[in-house]
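Enquirer: Pasting a structure here, questions to come.
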Amino acid sequence: AHPASADSIPTSANQEDYNSMGQGAALKARRVLENARRIVAIEYLCAAQGLEFLRPLRPGIGPRVAHRVIRRSIPKVTQDRPQADDIERIVGMMAASAIAGAVEEKVGHLA
């Protein structure tokens, strides 16, 4: 969250700044987006698992479709196991728009 503009490097006796911080800012933005994708993937996994605990209650059509898509690739958690592969699978699904695409087919365009 530290802005790249705060890292400006003064040159020419502190009178001019020729050093662009754009590349550093772009790399930082990329890292932030990658982290955000993984956070959303973890939220998807938590939501899918949460729906398992709420049975026999039924969620709305959108969450039901998303749950079905996720469970086709990732089994529910019944015992402790590493989640890294599951998270990466969800990230891949998100990149391919598999989850949102399936939901949009049933409920229409998501805002």
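The values are calculated or read from the model by the stated rules, or taken from the named source; none is laboratory data. This is a predicted model, so every value here is computed, not measured. Note: ideal-geometry Cβ built from the backbone for every residue, glycine included; neighbour counts use all protein chains shown. Just so you know, the surface numbers come from the protein's heavy atoms only, side chains and all, with ligands and any DNA or RNA stripped out. Shrake-Rupley method; radii C 1.70, N 1.55, O 1.52, S 1.80 Å.
Enquirer: Could you please let me know if Ala95 is within 14 Å of the chain's Cα centre (by Cα) and open to solvent by 80 Å² or more (accessible area, probe 1.4 Å)?
Expert: yes
Enquirer: Also: Of all residues in region 73-99, which are in contact (Cβ under 8 Å) with a residue 24 or more places away in the chain and farther than 17 Å from Asn35 by Cα?
Expert: Answer for region 73-99, where residues must be in contact (Cβ under 8 Å) with a residue 24 or more places away in the chain and farther than 17 Å from Asn35 by Cα: Ile74, Lys76, Val77, Ala98, Ile99.
Here is a yes/no grid of residues against (1) open to solvent by 40 Å² or more (accessible area, probe 1.4 Å); (2) part of a loop (DSSP other than H, G, I, E, B):
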| site | (1), (2) |
| --- | --- |
| Ser20 | yes, yes |
| Val32 | yes, no |
| Val40 | yes, no |
| Glu52 | no, no |
| Arg55 | yes, yes |
| Ala66 | no, no |
| Gln79 | yes, yes |
| Ile87 | no, no |
| Gly101 | no, no |
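Enquirer: Spot the failing condition for Leu110; the list is (1) under 17 Å from the mean Cα position of the chain (by Cα); (2) farther than 16 Å from Val40 by Cβ; (3) assigned to a loop (DSSP other than H, G, I, E, B), and only one is missed.
Expert: Leu110 satisfies every listed condition except (2).
Enquirer: Also, quick follow-up: Restricting to region 68-77, name every residue that is in a helix (DSSP H, G or I) and either among the β-branched types (Val, Ile, Thr) or under 16 Å from Leu110 (Cβ atoms) (or both).
Expert: The answer is Val69, Ile70.
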